[in-house]
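Since the structure comes first, as structure tokens, the remarks are kept for the end.
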Amino acid sequence: MLDQLARLFREVFGEVPAFSVVILVLSLLATSAGFSRPPWFFGVGSGFATGAMSIVTILAYRHRLGALAGVQLGLLLVHGVRLSVFLIMREHKPSFHHQQLAEHTARPMRFGRRALVWIAVSLLYFCMFSPALYATVGRQMLPPSATTALQIAGIMTMAAGFILELTADAQKTAFKMYQPEACCYSGLFRWVRQPNHLGELMFWVGNFIAAIGFYLSVMHWVISVAGLIGLTMLLIAVAARLEYVRAVQYGTLAEYQAYTRTVPVLLPWLPARWFSPR
């Protein structure tokens with residue numbers, strides 16, 4: 001049934017445009033959980049959408065899925081599932097009921113605004129995922145030697161980002177178990193204040209790099225670049241908000257003030273004003 005439906009879409013719309021409609025619909029469905037819990041439009045919704053789009057792409061192209069494209073989609077699937085599960089479990093831990101979550105819960109969001117956020121984030125997750133689709137379909141059109149090096153470089157960047165994010169989350173979770181009210185300065189947090197968000201950024205940059213050789217039209221470039229820019233802007237906004245929450249909680253502590261003066265938020269060359277509390 002799935003093969004017949006995919007074949008019908010390809011006959012009517014063409015290969016990539018047809019399947020792009022399918023994964024966009026999946027993104028919309030996966031993020032709709034945000035209507036009941038607005039914070040889920042973001043981290044949890046991103047994980048749901050990434051996982052759903054990865055599974056359906058793997059199933060649809062399972063008979064002609066290249067090894068590298070399979071690894072790329074596999075990383076996306078694991079990343080999406082891990083992110084959603086981690087964030088849902090974290091909501092039930094008292095140490096993570098910080099001011100940001102409380103504000104989201106207390107502040108009502110009207111249906112119209114929820115609908116706009118839903119459409120915006122669904123489009124963003126679709127654009128972020130699209131490079132993997134182009135790599136999956138494009139391998140049928142290009143000689144392997146033309147794209148292998150970039151794919152490997154991108155996949156390695158994705159893996160490094162995933163490991164960084166996973167390690168940072170594990171270190172912070174372990175720290176909060178024993179010091180729930182303290183700010184974590186240990187482990188990866190000695191080098192960057194938000195290593196988990198740095199890992200997230202690296203992961204999606206790798207996804208973009210892995211498909212560079214498969215961008216066969218201007219629209220492919222536009223969609224993929226839009227996804228990367230949108231993600232970067234979202235991560236900066238999330239990082240800035242977290243810096244505000246931490247400033248409220250720890251801003252009077254001399255140790256925290258020294259920490260913020262010497263340790264960058266994400267990358268040393270990003271302007272500090274982008275993350276200033278507001």
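Residue separation times 0.36 nm, minus the C-alpha to C-alpha distance between residue 248 and residue 64: what's the value?
That works out to 61.0 nm of additional length.
Can you work out the Karplus-derived ³J(HN,Hα) for every residue in region 232-242? Use 6.51 cos²θ - 1.76 cosθ + 1.60 with θ = phi - 60°, whole Hz, and x for glycine or proline.
4, 5, 5, 5, 5, 5, 5, 5, 5, 5, 5
Could you go through region 45-54 in sequence order and give the Karplus-derived ³J(HN,Hα) for each residue, using 6.51 cos²θ - 1.76 cosθ + 1.60 with θ = phi - 60°, rounded to whole Hz, and x for Gly and Pro?
Going residue by residue, I get x, 4, x, 4, 5, 4, x, 5, 5, 5 Hz, with x marking Gly and Pro.
Label points 7 Å out from Cα along the Cβ direction at residue 241 and residue 274: separation in nm?
Each label point is offset 7 Å from its Cα along the Cβ direction, giving 1.8 nm.
Which FRET efficiency value, to the nearest 0.05, do you get for residue 78 and residue 190 by plugging their Cβ-Cβ distance into 1/(1 + (r/R0)^6) with R0 = 25 Å? Display every interim value, and only then the final one.
Numbers: r = 27 Å, r/R0 = 1.08.
For R0 = 25 Å, the calculated efficiency reads 0.40.
A short reminder: the numbers here are calculations on the coordinates, not readings from a lab. What you are looking at is a predicted structure, and each value in this text was computed from that prediction instead of being measured. Cβ atoms come from the backbone with ideal geometry, glycine included; neighbour counts cover every protein chain shown.
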